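Heads up: the structure comes next, in structure tokens.
Nothing in this text is a laboratory measurement; each read-out follows from the coordinates by a stated rule. Quantities reported herein were computed from a predicted structural model and do not represent experimental measurements. Cβ coordinates were reconstructed from backbone atoms using ideal geometry, including for glycine residues, and neighbour counts include every protein chain displayed.
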Amino acid sequence: MNSNRNTIFEEQASVVAHIHHPGAQSILRLLAPKTAKSAKPGQFVHIRVSDALPLRRPISIMLTNPEKGTIDLLYKHIGEGTKQLSERKVGEVLPMLGPIGTPFDVSDTSKRYVLIGGGVGVPPIIFTADALAGKADVVVFAGSEVEFPFALKPSTFILPGITGNTTLTIASLEERNIPCRLASNAGLYGCYEGHVPSLARDYLLALSDEERSRCVLLSCGPHPMLHAVAKLGRELGVPAQLSLEEFMACAIGGCAGCVVKTIEDGQEKYRRVCVDGPVFAAELLPEFS
């Protein structure tokens, strides 16, 4: 588990851009040089959304630009905290802690990383894909039940097992030569009709045994989706790393309010999602076995 210490910064992050999209989705760009320089895919920030709400909110990092010192966050307005966050204007300053958590393990560049994200679980998948571009084989599958908050375009990549009208990709990934396909149950044009783990399953089943043996599943999204990804990994013998979503209070490991049960070396343990996770190997999590 995560043994890093003194890796979290407190920054006064200023709003550089704040773009609102359909489906109560927003992309927030913050000037936060320390976090931008040190953040790794799968980590998150803990941000104070307004003076009226002292309790911070955890939000996954979607992209970083270390040269410009910025980070991008994608979030949905689903409660009072994120609603107030959506009202923040360019130039406002938001106290923030970051980067927090154990990231995805993408150290083995001989692997093919199959990234599966759903809803607000898509941002860390995009961050991971961006970090792996040009370094390792990577393919992205993203799902949403509302309009995607990204520029989309027809993909030029042919993916095994992906047929029919499943044609669209996220334009920024295509520009970085990262294959991607999209899934939705909302009838969105160019998307696979169904859940995103099923789309990934079609792809994996179409690979040769040798190709599949190189694959690792990395996933973030709602718990039902993570259960499906863990099941897919067990079915096909492909290891999986899951990034868990959990309610957090302190988000720095002090309150132990976000614990999850693990089985390690045959022993039952309780780990904190915020700092020991949010990323865990699926086989450590009995809830997903």
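Given +1 on the Cβ of Lys and Arg, -1 on the Cβ of Asp and Glu, and no further charges, what dipole in debye does the chain carry about its Cα centre, rounded to the nearest 20? Mind dumping the intermediate values first?
Working: 28 positive and 30 negative charges, 103 e Å.
I would put it at about 500 debye.
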Query raised in the report: So for the stretch 9-100, taking the charge dipole from beta-carbon charges (+1 Lys/Arg, -1 Asp/Glu), which of 15, 31, 65 sits furthest toward the positive end?
Result: 65
Query raised in the report: Looking at the stretch 64-144, what % of the alpha carbon pairs are farther apart than 20 Å?
Result: 47
Report task. Find the percent of Cα-Cα distances in the stretch 112-243 that exceed 19 Å, and round it to a whole number. Result -> 42
Query - Helix-only CD estimate at 222 nm, as mean residue ellipticity for the chain, using -39500 (n - 2.57) per DSSP H run (n ≥ 4) - result: -5500 deg cm²/dmol
Query raised in the report: Which whole-number percentage describes the relative contact order of the stretch 1-127, with Cα contacts under 8 Å and a sequence gap of 6 or more?
Result: 34
Requested in this report: For residue 183, list long-range residues whose amide hydrogen, built 1.01 Å from N in the peptide plane, is under 5 Å from its own amide hydrogen.
Outcome: 142, 143, 144, 192
Requested in this report: Show the residues, 5+ positions off or on another chain, whose built amide H is closer than 5 Å to the amide H of residue 21.
Outcome: 26, 27
Query raised in the report: Going by average Cβ neighbours within 10 Å, how do the peptides 52-59, 99-106 rank, with the highest at the top?
Result: 99-106, 52-59
Query raised in the report: Under a no-solvent Debye model with one identical scatterer per Cα of the stretch 1-141, what's log10 I(q)/I(0) at q = 0.11, 0.15, 0.22 Å⁻¹?
Result: -0.40, -0.73, -1.42
Query raised in the report: To the nearest Å, what is the center-to-center distance of the stretch 57-83 and the stretch 195-246, using C-alpha atoms only?
Result: 25
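Strictly over 29 Å apart at the Cα level, which of 34/269; 153/231; 37/89; 89/135; 68/231 would you flag in this model? Display every interim value, and only then the final one.
On the way: 34/269 33 Å; 153/231 31 Å; 37/89 24 Å; 89/135 37 Å; 68/231 40 Å.
Listed pairs above 29 Å: 34/269; 153/231; 89/135; 68/231.
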Query - Relative contact order (%) - the chain, alpha-carbon pairs under 8 angstrom, separation at least six - result: 17
